[in-house]
Amino acid sequence: MKTVVALPGEGIGIEVIDATCELLASSGLPLKIVTPPQGAAATKSYGTPLPEETKQAAREADGVLFGAAGPSSSAVVSWLRWEMRAWGGVRPIRFFPGMRSPLANPEGIDYVLIRENSEGIYPGREGDMADLVRLMPDLTDRSGRAVKDYGTEGRFAVKIVTPTAAERIARFACALAQKRRARGKPGKVMCVTKSNVLPRSDGLFQETAERAAREAGLAFEHFHVDDAARRLVRFPTSMDVVLCMNLYGDVLSDLGAETAGGLGLAPSGNFGDGGWAYFESVHGSAPDIAGRGIANPTATILSAALMLNHVGLESDGERLEAAVGRVYRDGTTLTPDQGGTATTRQMAQAVVAAFRTG
Ligand code: NAD
């Protein structure tokens, strides 16, 4: 029996987690699903959105499934991602026939965007210009303008790139590309930075990624983030593993999700040291549709499939993914974002029915 801790977050996070947990509970899989206090309800009773007992349960669980964060539960995702140091973000972008892609030829979109979760410009390290000017008055940009020339009004943010974290994520991306190559994919890492503007910080990430890919015997490409964005729209079927620095991965994974059919479809896994990981949709709490029961549960169901792979139930994870594919192909039980009239729960129930007969 595997223990899964489900943390809804808020907004549609609650709806998609409820529907997905119901699906998992009726799937017949050897899972014990627990839902410790979190979010606004926990704040009411415990004075914090993430009580210590919930953290402990999440640390000890075989799998952690998160819904979506919003203003009152951002502390939950901050803890999962940053305090638990889940540095490796895995965001599969895959088109299933029947998904409502805005592209003319989405057939064959099947790549994985890897997001370095721990460094870059996140989690925000910001300060006052007065302090920066005091500490580093003569730090100049590439045009020769010194920090002190900006004056002491305003704020700054710090971007960090260390060789350790760059190498860790590059090797992680390469290992995934090798695994995919063994299943017939091209075995290619496309690295995304802005090294033309940031040759030292982003340049370090790029060089590290290139070295790791060469050592792993993989094809390597590098594109600046602006060019990469257009390529993900124009050539999505030629992508394999797309390795991104933190902010670029955050932005491009929404773009990638949309090419496949929408933000409600994109899952993620976030991996830390020692085999700990948590799984969540790429989307947020969607206040514009929250409470109406119409959120697409696909991203959370596919995140659960990634979680099943992680906890050693690989063939069930694949079966769950295939069940999602069948529901899209059938096309009769889709949520409004995909052109249907089904509720979140009805769509999740259609997936579990397909899973049982799959
Ligand atoms: P969002 O992802 O919540 O929503 C963007 C758009 O996509 C909205 O129009 C929404 O209706 C739609 N959408 C998202 N998920 C959907 C689904 N499952 N089915 C159908 N439509 C869906 O982004 P936002 O509106 O910019 O942010 C709302 C809140 O979510 C903010 O507080 C933000 O900080 C937070 N957020 C959290 C995460 C996370 O938990 N990892 C990610 C992004 C945003």
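Structural remarks
- For the chain, the direction-averaged projected area of the alpha-carbon convex hull comes to 19.1 nm².
- Each eigenvalue of the Cα gyration tensor of the stretch 295-356, multiplied by 5 and square-rooted, gives one semi-axis; in descending order these are 21, 11, 8 Å.
- Dividing the alpha-carbon radius of gyration of the stretch 135-266 by the rule-of-thumb value 2.2 N^0.38 Å gives 1.23.
- This model, with +1 at the C-beta of Lys and Arg and -1 at the C-beta of Asp and Glu, gives the stretch 166-324 a dipole about its Cα centre of some 420 debye.
- Mean-position separation - Cα centroids, the stretch 90-123 and the stretch 137-169, in angstrom: 30 Å
- Counted charge near Arg292, where neighbours are those whose Cβ lies closer than 13 Å (Asp, Glu -1; Lys, Arg +1): -2
- Solvent-accessible area, 1.4 Å probe, carbon plus sulfur percent, for the stretch 87-168: 52 percent
- Cβ-Cβ FRET estimate between Thr237 and Asp131, R0 fixed at 35 Å, reported to 0.05: 0.15
- Each principal axis of the Cα atoms in the stretch 73-116 has its own extent, and those three values, largest first, are 41, 21, 12 angstrom.
- Quotient of Cα Rg and 2.2 N^0.38 Å for the stretch 1-112, N being how many residues it contains: 1.23
- With a simple spin-label model that places each label point 7 Å from the Cα along the Cα-to-Cβ direction, the separation between Tyr46 and Thr162 comes to 2.9 nm.
- Local net charge near Pro97, Cβ-Cβ under 9 Å (Lys/Arg +1, Asp/Glu -1): 0
- Anchor Lys32: lysines whose Cα lies under 18 Å away (excluding residues fewer than 8 positions away in-chain): Lys2, Lys55
- Residue by residue, the stretch 206-220 carries 3J(HN,Hα) couplings of 4, 4, 5, 5, 5, 4, 4, 5, 4, 4, 7, x, 10, 5, 10 Hz when phi is fed to the Karplus relation 6.51 cos²θ - 1.76 cosθ + 1.60 (θ = phi - 60°); x denotes Gly or Pro.
- Within the shell of other residues whose beta carbon sits under 13 angstrom from the beta carbon of Asp18, the net charge comes to -2, with Lys and Arg scored +1 and Asp and Glu -1.
- Helix-only CD estimate at 222 nm, as mean residue ellipticity for the chain, using -39500 (n - 2.57) per DSSP H run (n ≥ 4): -13000 deg cm²/dmol
The values are calculated or read from the model by the stated rules, or taken from the named source; none is laboratory data. Keep in mind that this is a model prediction, so the values were computed, not measured. Note: ideal-geometry Cβ built from the backbone for every residue, glycine included; neighbour counts use all protein chains shown. For accessibility, only protein heavy atoms count, side chains too; no ligands or nucleic acids. Shrake-Rupley method; radii C 1.70, N 1.55, O 1.52, S 1.80 Å.
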